[in-house]
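Chemist: Quick one: structure below, then a few questions.
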Amino acid sequence: MKNKIILSSVTLLSAFILAACGNGDKKTNETTAEPTPEVTTTAPTTTASSFSEAKAVSYADTQRIGRDDVGYVNVPKDWKRRTKNIKLIEYDSKDEIPQVILQSFAKSDVHPTNQDAFGVKFIATHYYNILKEEEGVANIDGEWSMVGGEKAYVLKSHKKDGGYLFDWIFQKGEKVYIIVLEGTEEDIKTFRPMLEQSWGLDPNIPGK
């Protein structure tokens, strides 16, 4: 099932965070240890550098998608929105892969017992714990990158079917934003620069 990992992970993330936040300080302390680029399940098959090469981005034949609460990115013009989930934005190609999902969390969404725990570390740790339990994920690596001028933690999952699932987690203001990209190795190389450089809160101007 093409959406099994990406959609179940996003859905479980929302449910898991909401459930965890009301369980007192003990639960909060257990789940806020920050994952680092050195944390992996098994050695990643593809090195981070192969995905991180500088690449000029052209916005020709693209559309700007998103919403004020999750931010905006540019994707190919022929991609279509596949769900009407009020919590996220999901677009994919006519072949259903590659696929992009935009989501965000505010402190008021999750009500952490420890108010200072909310942030990239809080969300990334929950997401990492969910992904490592996914049957279709072979291994997970991580690294720091930049999205729309903000420092972002990237969870890079290599799937057992050979595909990849990249999750950018970053904070701007009082919100933590998430960009999810699922696709082949070539898809990641092609669309990563566009997503990282085009994300912003302006519905019309990439990167703003």
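The values are calculated or read from the model by the stated rules, or taken from the named source; none is laboratory data. All of these numbers come straight from a predicted model, not from anything done at the bench. Quick reminder, even Gly has a Cβ in these numbers, built from the backbone with ideal geometry, and neighbours come from all protein chains shown.
Chemist: If only one of Val137, Val110 is out of contact with any strand residue (DSSP E or B) (no Cβ under 8 Å at 6 or more places or on another chain) and either closer than 25 Å to Lys151 by Cα or modelled with pLDDT of 90 or more (or both), which one is it?
Modeler: Val110
Chemist: How many residues, within the stretch 138-165, are in a strand (DSSP E or B), among the basic types (Lys, Arg) and touching a Gly at 6+ places or on another chain (Cβ under 6 Å)?
Modeler: Matching residues across the stretch 138-165 total 1.
Chemist: Name the one entry in Ala124, Ala106, Ala117 that is farther than 25 Å from Gly207 by Cβ and touching a residue at least 60 places away in the same chain (Cβ under 8 Å).
Modeler: Among Ala124, Ala106, Ala117, only Ala117 is farther than 25 Å from Gly207 by Cβ and touching a residue at least 60 places away in the same chain (Cβ under 8 Å).
Chemist: I've got another one for you. Checking Tyr153 against (1) under 14 Å from Ile101 (Cβ atoms); (2) modelled with pLDDT of 95 or more; (3) in contact with a helix residue (DSSP H, G or I) (Cβ under 8 Å, 6 or more places away or on another chain); (4) aromatic (Phe, Trp, Tyr), which single condition isn't satisfied?
Modeler: (1)
Chemist: Working only within the stretch 168-208, note down all residues that are within 13 Å of Val120 (Cα to Cα), buried (at least 21 other Cβ atoms within 10 Å of the Cβ) and in contact (Cβ under 8 Å) with a residue 60 or more places away in the chain.
Modeler: Val176, Tyr177, Ile178, Ile179
Chemist: Could you tell me whether Ala60 is aliphatic (A, V, I, L, M), modelled with pLDDT of 90 or more and surrounded by fewer than 20 Cβ atoms within 10 Å (Cβ to Cβ)?
Modeler: Yes.
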